[in-house]
Structures are given as structure tokens and as C-alpha cells.
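Report on the structure given below.
The values are calculated or read from the model by the stated rules, or taken from the named source; none is laboratory data. Everything quoted here is computed from the prediction, not taken from an experiment. Reconstructed Cβ throughout: ideal geometry from the backbone, glycine too, with neighbour counts over all protein chains shown. Ligands, DNA and RNA are stripped out before the accessible areas are found, and what is left, the full protein with its side chains, is counted by its heavy atoms. Shrake-Rupley method; radii C 1.70, N 1.55, O 1.52, S 1.80 Å.
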Protein chains: 2
Amino acid sequence: MSQTNGQLINGQWTVESTVPTFRPHWPLMDKAGDTAYACATDAQIEQAVSCAQQSFAALRGTSAEERAALLDTIADNLLVLGEPLIALTHRETGLPVERLTGERMRTVNQLRLFAQALREGFPQDEVVAADPGRQPLPLPGLRMTHLPLGPVAVFGASNFPYAFSTAGGDTASALAAGCPVVHKAHPAHPGTNAMVADAIVAALRNHDLPAGAFNLLQGNTPEVSHHLVRQDAIKAVGFTGSLAVAEALRKTLNQRDEPIPLYAELGSVNPQWVLPGMPDEEVAELTRQLCQSMLMGYGQFCTSPGVWLVPAGQIETVFEQARIVLDKAPACALLTPGILHSYQQQTDVLALNPQLSQVARNHSDNPAQPYAQLLATDVHALIENPRLLDEVFGPTALIAGYRCTEDMLALVAALPGQLTSSVHGDAQAIAAHREVIDALQYKVGRLIYNQMPTGVELSRAMHHGGPYPASSDVRSTSVGTHAMLRFLRPLCIQNEPLSD
Amino acid sequence: MSQTNGQLINGQWTVESTVPTFRPHWPLMDKAGDTAYACATDAQIEQAVSCAQQSFAALRGTSAEERAALLDTIADNLLVLGEPLIALTHRETGLPVERLTGERMRTVNQLRLFAQALREGFPQDEVVAADPGRQPLPLPGLRMTHLPLGPVAVFGASNFPYAFSTAGGDTASALAAGCPVVHKAHPAHPGTNAMVADAIVAALRNHDLPAGAFNLLQGNTPEVSHHLVRQDAIKAVGFTGSLAVAEALRKTLNQRDEPIPLYAELGSVNPQWVLPGMPDEEVAELTRQLCQSMLMGYGQFCTSPGVWLVPAGQIETVFEQARIVLDKAPACALLTPGILHSYQQQTDVLALNPQLSQVARNHSDNPAQPYAQLLATDVHALIENPRLLDEVFGPTALIAGYRCTEDMLALVAALPGQLTSSVHGDAQAIAAHREVIDALQYKVGRLIYNQMPTGVELSRAMHHGGPYPASSDVRSTSVGTHAMLRFLRPLCIQNEPLSD
């Protein structure tokens, strides 16, 4: 077994020959990959955390410009990995080469976004000048600045092998903040993780920073994850994945003496509201866009439009267009056998529900490539059975007809927390539904007008999160400049001597 | 029993005649107060939360100016309560009238600080304009704004009957954010809580806001507190008090389906570092100031200087001055019988420790008014026995001699999280100890140069919190403008139609 199929700790690839190994599933070939990877042992996990802790003083001692330069070098190194990285990830995830090339560029841009933010002085200090003449007592000078929290555990996602994985948003924002990272890689694409981890450590070396500021742990068992977040030196957790896994991690975190933040970005059904009054041809065009948005990533984006609310009188228009689009859409493999299994279980349950009927689907004769489908229902079915508002991770969406504003308000009240929701309609329709939209704001992290939920801008005004269970911390975003704030905390310096 | 000795729910005083009651202890007279107060029942707690939830839509629908006006009216009403409020609080807490008059003014100023921040547009939206020409895809307009979390449970403290109680920083910042409040009042001063609660509800009525936006629950048992934070509609908890109580609340919060933030501001020993090279007469003057700071609130401020680090060669100078100051200092009653009991237990343990010796004390022949004391030890005793770094809530401080920078670095490494720490020395001494001070930053919420830790400015640059166990959420402050952010969360609005 090659060393690089083990753990990357303090810049050294290490593998224990006696430990369990795992092989990723290659979805397009529907077979196990040709390389086995070793699961991290408890001792290796502890060593990785210890190395991260030891690198903290050097990393927090860097200037913003030095961290910006580090992020730029990681971005450059990702591009240098070239086609071999894309080809390996394509094998490991089954995602199209074009999509992967785009996602890598997004990941590069994300690293550069944080570099730019650091150069622009983000986050700014709050400064209040001394006022020796204040009555009844002088006002001391106060400066509120920010310090990094310490070593961060980052959990990669299966559905974005670059943007939410090894060098993804959590790692980029943690390093930008000055926090060392111990990365528990997603076992769906271990080879990708290893190549990217090497690129990160090379960048650290290039900038004379300790290699222990980034460590990679592989594993396909919960034990690795739980042992990692139990470590006292870990001061925050970044996670992208399923609610069930996040809940299990939360239980372990609750056992710690010191409470630390868990930033888990989960999922949601991202309700799409077609407001009344839209001409039928616009409803048809919107339906085409919603189908494409759902088929993007084959329903495996956390912002996939999973529930569409349509005026009951126009629902047949939606069905008709959806049939045309889906009929021609190719079936795709899902990311992992586990996701396929869960998806089949969920869709089997939905198929038995008398309140749902299938109105459109594509075609597949390969059981590893499930068909995409749209199921029709009524808004009252969703209100009465909130389990229908649980995310289905895969290419299934529900279309529900509504009759009146009261229907809409009742559904908003029944909604669990959402990452996003889109409202589709002209200015008049929007004005007429202000009460619905105002209530909807309190259920979502991002409210979108007349655009698809998929596609999350890298921006200082982005918020990618939302009320539970869309995320575990409604105050935090996993995308955009403010993601860095998750790994910083304020420090007030009082009566600071003037520097020379 | 008078109705006002029960709960204030939705603007109505209600009392269940069959429930347990409690009487506060009047410390100066060392006897039970003349009024009994009823403990809130489970049904009353649920009703209070339900009323808070029902008021949320109205409160979140207010403009920043409307909330600012509400806070100003609450401030005015506190002043209108005049001398009768001060006299009642003086009986309930034993705190001097002058101190209480000052603390009420601080509380008034705190309400006005949040009003001013709202009028200044705090917190600002992040706005990124649309760029239809961006390649490869147009950039949609993005605006990141803030929404209130929902009903907040606020727990009052015993040691600040105004500033950290009914209309204190947690209530003021929650209402400023647009969050309704259910206030679990501290049982040490129930009459004060009731008068202040009436003033808040009068202000709500004055501004045509629902009275249910503020509710008061009395009780002297843990059950009231735990049943309150269990309620699903509660979306955040503000708490000021002891680590033990906060830990118990955290365990209950961990049982909830939805994780919500617990903002517990706890305590610490606030280490005071006398750097080498200070002339003896300055060390003597600094010792006088440290004694006064510790005697302020008779050691019952969370920022009380509890551990002083002094160059070993100057420790006798400190002892000598401390003896002079303490010898003349009057003994005082502690706030509650519970605090007195805990303080006696802790000081009894310290008295048995052979690594400690008493070097200064004042005099008291009243067991309800314990003497203040300074205990001498060595920095290595603190490093080897970190329990000596636990907060003693009352008038005891430890003075430890150190010999070298290595001693200082080792103690910083052993320190648990602190609210504050002060460094005393001239520019040369500070420059020579940059490594110690840099490391110290990572253990504190506020780093102070050449000033006492007591006295927390109301400012947008203040941070009053700190690494665990100084607070349960290192990212949050309970004092200053940014305290409002605890009860807000971001919302991104994408492609928002231009308003008329």
C-alpha cells in the first residue's frame, strides 16, 4: 500500500498497515475503485490534532497579507493539478468533467475571495478613541479586534468534491481566519482528497508555514469523525452533509466539557413559489428552468428545488412542460451507493403515499441510475404531513397546487427551516403577497426573487445557511466572506499604548 | 397575596394561590423579606412563552426607530421609579444606595446605547449591486440583512439587580433586535424585578406594542428555569451567573431537537500582571487601586481582580500596602445566603492549603459579613494546582510571586478562559513582554493596559465575554452594541425588486 493512501499529518504521509481499509465506489463503472485507503487510527487522529495545535502559534502570528498569499498559492496549486485531478475525481464521483472543471474554478475563486477580503482588512476593528475629558470618568481607548479560535475540524461533503471538501469553503475560511485545519475527508473521493491535501501542504511549505496547519484524515467509519471532534484542542467544527450525521456529531460534541460551535450546513427542499397572475407561457418557461435546476447535480445540490407551489389553475401547464423536459433528460448515477440506497428508500415510501401521484419522469434501465421524477400533490397534504417537507437527496421534486393566500400562509407556517426559497412573480404579484413573503423570510437563509435556488454566489453579501434543520447554527454562513467570522472571535483591547 | 407578587404575563399580573412561594433574604438585616413571591407554574411558563411568540410578528414588524423609541421610554420609566425603587433594591440586595443609583443610570444609558445604535443603522446591511454584464453569468443583486431570532429567555443576575437583570443588557439587546423576552428573574431581588417589569410593560403599551413582548417569571427553583429553556418557541438564552447553573441549563438545552444559542456570561479571576521594572512607589499605588477594585462590590463583580502576579522581589511592597488598605476597609454583607455559603466553603478550603498564607485582611465580628482577604502564594502553586485559578465569588484574591518570563508563560498556558486580564507596566516593560502578552490575548475577552478590570464601558468596541469557562460562547458579548448581534441572524435577499 502506498503511503499516500494513508493520512497526511504534519506534512508526512503515514499509513498503519494493520488498520481497516476502504475502496471508494466508482459510480459510472458501478464498481469498487482500484485503490484501497487506510482509515485513520485514534493515535493518528490525536497526532493530527496535536500537530494542528502546535502550528497554531505560527499561523496566528501571520499577517493578513501572509494568509492571503497562502490562499492564493493553494488556489494556484489546485490549477496546477490540471487534468489528472479532474480525471480522478470524475472516476470517483461520476460527475461530468465540465462540471468538475467549473467546480474547481469556483473553489479557486473562493480561496481568492478570502484572500481579497483579508487584503481589504476584513473583518475591520471597531475603534473608539480615548476621551480623557469625559465626565464623570475618563473614557479609555477601546479597540475590538478578532482572534482565530484555534484548530478546526472540517468535514468534507460528497456532492461537491472540491468546493465543499478538502480545499473548500470551510478550509479556506478557517485558514483565512488563522485557524489550523484537521480535515476528515469524505470517503466517496479519497484520491481527490489526497491530491488536494498535497497541494495545500505544498503551499504551506512554500510560505514557510508549518505543514501541521493542514492535516488530512481518511476513513469510512463514524469512529474517525467522533474521535476527532472529541479532542479538547479542536475549537470549532465545519460540516457539510446530512442531518442524521450532523445530529450524531452534535451528541458527541455535547459530551465535551468545553462547548464549541458546530457549523453544519445541511439541506432543505427550497420551496419555489409561483405567484398567481403569471401568464401560462411564463409558467411553462419557469417550469423548464425549475426542471433544469433540479436536474443540475441530479438533485444532489443542497439548494435543489424540491417543492414547487403553483396556483391550482395552472398546475396542468407545469405538468405538461415538466413531462417534455424530463422525458428527454438522461438518467445519471448518484454519488455514492449510500445515497442511492437512501434515495431508493425515500422514493419507495413516497410511491406508496396515496396523496402523491407521479406526473413526469425520465427513463432508465440501469438500477444504479435512478429516474428523475416529479410528484403531484396538494398544499394541504404538505401541511398535514410535514414529513413530505423532508429533503429528498436526489432527483425528485413535489409540485403542490394552492388556491388562496391562506393556503400559502398555512404552508409557510408549517415549513421547517430552509436554506433558500424563491418567489416567482411580477411586481404586482409580489406586492399582493407581501404578508406571505414577510413570513417566508423567517423560514429561510436566502430569499430569492425570480431566480433559481441553485448557484450560490461567492460574495460578501451571501448567506448560505438557514434556520434549523437547514443548518445547525442559524447565525453562520458557509459561503461568502462572512464564513470567516465562524472561526474568529472578538477581543477588546483597552487603553492600548500607542505603537511606535 | 397581592397579584404583583406573581408572574407578569401578557401585561397581566397573575398568581396561582396554591403554588410554593419564597421570600428574598434581606442581607443588611440578615432576615427574610416581608413579602412572599409565587413560583411560576409550568402552565404559566408555557403561557408566557406562547404570549411572547404571539407578540413576535408585531415586534419584528417595527422599524428601528420604533424600537429605539421603546428603549428610550423604558429608560425614562426606570428613572420615574425614583427613590422607591432604589430603597427596595437596597433592602433586597444590601448594596449601597449610591452604587444602586449609579447602576440604574448605567442601565438607563445601556438602553439608550442600543436606541442610538438602532438610529445609526446598526447592524448595517451588506449590499452588492447587480452586474448584468458579468461573464460568464450575470451577477444578481444581493443584500445581506438581519432578522431577529424569536423569543429569548433572559436570566437575571444577583450581583447587578439592574444592569444584568430585568431591564439589563440581555433584555435591552433582545428588544433592540426585535426579539420578545421571557425573563426568569433572579430570586434575590423579586420586588425589584416586579417594579422594573411593570416599567417595561408600560413602555410597550405606550408604544402600542403587545404587552406579551416582555413577560416576567419569578421562582427560586431550578425547575422554572429548565422548563423555560425547554420550550420550542424559545430561540436563544441570555444568562449571567455561575458556571454550575449555566452547565445545568446547557444539559437541558442539549436535549432539545433544535439547537439554540446559550449566551452565558460567567466569571473568572481576571489576572493582574505587574510587570518587572515598576518603581516601588508605583507598585504601592497600584496595590491600593487593586484593593479598591477588589473591594468594589465586595469581590462580587465578574471582573473582580482575583489573582495578582507580582515580581517576587516586590511582593513585600504589595503585602505592606494591601495590609494598610484592607485594615481600614469595612466588612460587608454578601448578596445572598447562597453566595455567603459558597464563599465560606471555598475560603475554608483555601485556608487549609499549605501553599497559601493570609497576608492581609479586614475585620468583622458579624458572620453574615465575611472579612476580605489577600492570600500569598507562588506562581508555581497556581500552575500545579489549577483549581486555585477557579473564581472565588467574594472578597478574596491571591497574590503570586514570579521570577522570570518563563514563569509568566507557563502560567498563561495554564490559565482557563478569562473575561479580562490587565497588564501593568511602562512601554519598555510591555515591549519586553510581548510574547507573554500575545499568548495572554488568547485566554481573555478583554486585554487591559494599566487600568483596573472592574468598570465595563458601554461602547461599540466593548467585548464582555471570553473563552470558556468565562463564557459559554466565546464569539458573543453581553455588553456593548454588538450584544444585539446575539439575537439577530443574517438573511440574504437575492435579486430583490427595486422598491418604489
Going through A:E281, A:E285, A:E320 one at a time, which residue ends up being under 27 Å from A:Q441 (Cβ atoms), among the acidic types (D, E) and assigned by TED's automatic domain parsing to the domain that holds A:G338? A:E285
Just one listed residue, out of A:A69, A:A40, is open to solvent by less than 50 Å² (accessible area, probe 1.4 Å) and assigned to a loop (DSSP other than H, G, I, E, B), and it is A:A40
Any chance you could count how many residues in the range B:460-477 are open to solvent by less than 10 Å² (accessible area, probe 1.4 Å) and more than 30 Å from A:D438 (Cβ to Cβ)? 8
Could you check how many residues of the range B:307-330 are assigned to a loop (DSSP other than H, G, I, E, B) and under 21 Å from B:S357 (Cβ atoms)? 1
Of the candidates B:S472, B:S478, B:S422, B:S459, the one satisfying the condition of being in contact (Cβ under 8 Å) with a residue 12 or more places away in the chain and touching a Lys or Arg at 6+ places or on another chain (Cβ under 7 Å) is B:S472
If I filter the range B:434-465 down to residues being closer than 20 Å to B:G267 by Cβ and hydroxyl-bearing (S, T, Y), which single residue comes out as farthest from the other protein chains (Cβ to nearest Cβ)? B:T454
Of B:S471, B:S422, B:S459, B:S478, which residue is in contact with a Pro (Cβ under 9 Å, 6 or more places away or on another chain) and of a type outside the set (D, E)? B:S422
Residues to consider are B:A397, B:A368, B:A322; find the one that is over 30 Å from A:N495 (Cα atoms) and not aromatic (F, W, Y). B:A368
Qualifying positions in the range A:399-433 - closer than 24 Å to A:V359 by Cα, under 23 Å from the mean Cα position of the chain (by Cα) and either more than 9 Å from chain B (Cβ to nearest Cβ) or not polar (S, T, N, Q) (or both): A:L415, A:S421, A:V423
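Results for (1) over 25 Å from the mean Cα position of the chain (by Cα); (2) under 30 Å from A:N495 (Cβ atoms), shown as yes or no for each residue.
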{"residue": "A:T107", "(1), (2)": "no, no"}
{"residue": "A:L113", "(1), (2)": "no, no"}
{"residue": "A:P123", "(1), (2)": "no, yes"}
{"residue": "A:V127", "(1), (2)": "yes, yes"}
{"residue": "A:P140", "(1), (2)": "yes, yes"}
Assuming A:G277 fulfils every condition listed in (1) at pLDDT 95 or above; (2) open to solvent by less than 30 Å² (accessible area, probe 1.4 Å); (3) assigned to a loop (DSSP other than H, G, I, E, B); (4) not hydrophobic (A, V, I, L, M, F, W, C) apart from one, which condition is it? (2)
Mind checking which pairs have a first residue in the range A:324-348 that is farther than 29 Å from A:V283 by Cα and a second that is of a type in the set (D, E), Cβ under 8 Å, 6 or more apart or different chains? A:A333/A:D30
Lone unmet requirement of (1) open to solvent by 20 Å² or more (accessible area, probe 1.4 Å); (2) in contact (Cβ under 8 Å) with a residue 40 or more places away in the chain for A:I430: (1)
Take the residues in the range B:434-475 that are β-branched (V, I, T) and farther than 24 Å from A:R256 by Cβ; name whichever of them is farthest from the chain's Cα centre (by Cα). B:V436
For A:P136, state whether it is within 14 Å of chain B (Cβ to nearest Cβ) and at pLDDT below 95. yes
Among the residues that make up the range B:92-100, is at least one of them open to solvent by 10 Å² or more (accessible area, probe 1.4 Å), outside any helix (DSSP H, G or I), touching a residue at least 12 places away in the same chain (Cβ under 8 Å) and in the same structural domain as B:L216 (by TED's automatic domain parsing)? yes
When you check B:N254 against the structure, is it in the same structural domain as B:T89 (by TED's automatic domain parsing), open to solvent by 50 Å² or more (accessible area, probe 1.4 Å) and over 20 Å from B:G169 (Cα atoms), yes or no? no
The lone exception for B:L8 - which of (1) closer than 19 Å to B:N215 by Cα; (2) in a helix (DSSP H, G or I); (3) of a type outside the set (S, T, Y); (4) open to solvent by less than 20 Å² (accessible area, probe 1.4 Å) it fails: (2)
State whether the residues of the range B:173-190 include one that is in contact with a Cys (Cβ under 9 Å, 6 or more places away or on another chain), at pLDDT 95 or above, assigned to a strand (DSSP E or B) and more than 14 Å from every other protein chain (Cβ to nearest Cβ). yes
Only residues that are part of a loop (DSSP other than H, G, I, E, B) and of a type outside the set (A, V, I, L, M): list them for the range A:125-151, please. A:D125, A:P132, A:G133, A:R134, A:Q135, A:P136, A:P138, A:P140, A:G141, A:G150, A:P151
Filter the range A:486-500 for residues that are at the interface with chain B (Cβ under 8 Å from one of its Cβ atoms) and open to solvent by 30 Å² or more (accessible area, probe 1.4 Å) and give the result. A:N495, A:E496, A:P497
Which number in (1) open to solvent by less than 10 Å² (accessible area, probe 1.4 Å); (2) on the phi < 0 side of the Ramachandran plot; (3) small (G, A, S) marks the one condition that B:G178 misses? (2)
